[in-house]
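Everything below concerns the one structure shown next.
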Amino acid sequence: MVRLGLLKESERKLDYILGLTIAQFMERRLQTLVVKRKIASSVHHARVLIRQKHIAVGKQLVNIPSFLVRVSSEQHIQLSATSVIKTGALGRQKKKRAAAE
């Protein structure tokens, strides 16, 4: 629980674990942390970016919005290396339109 950031180091007792709320879990989700790091403009935008494989935690590509991010991995949330947003390459639809023209 401490590694996930749900509890502090000094809160290693059963009472604190039983006192965890849904809001504390929701704050540790990848979807929420992407918005807090201002990679996405809203929670909905963050969910779309994650599902479309534009977000990586470290070098690991993550496409699950409910992924619980550890405290040690939090600073490694970024756009994935293969994302068209980062590389500037044409996406699937733009390639299709360019080929049609």
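Side notes on the structure shown:
- On the stretch given as segment 2-27, residues that are under 17 Å from V69 (Cβ atoms) and charged (D, E, K, R) total 3.
- Residue count for segment 15-69 satisfying the condition of being assigned to a helix (DSSP H, G or I), over 18 Å from S80 (Cβ atoms), out of contact with any Ser or Thr (no Cβ under 8 Å at 6 or more places or on another chain) and open to solvent by 50 Å² or more (accessible area, probe 1.4 Å): 11.
- Reported count of residues in segment 90-101, each being part of a helix (DSSP H, G or I) and open to solvent by less than 60 Å² (accessible area, probe 1.4 Å), is 1.
- Residues that are open to solvent by less than 90 Å² (accessible area, probe 1.4 Å) and part of a loop (DSSP other than H, G, I, E, B), drawn from segment 70-89: S80, A81, S83, G88, A89
- Cross-chain or 6+ apart pairs with Cβ under 6 Å, segment 21-46 first and small (G, A, S), then assigned to a helix (DSSP H, G or I): A40/V34; A40/A46; A40/L49; A46/Q31; A46/V34; A46/V35
The values are calculated or read from the model by the stated rules, or taken from the named source; none is laboratory data. Quick caveat, the model's predicted, so the values are computed rather than measured. So basically every Cβ, Gly included, is an ideal-geometry build from the backbone, and we count neighbours across all protein chains shown. Surface areas here come from the heavy atoms of the whole protein model, side chains and all, with no ligands, DNA or RNA. Shrake-Rupley method; radii C 1.70, N 1.55, O 1.52, S 1.80 Å.
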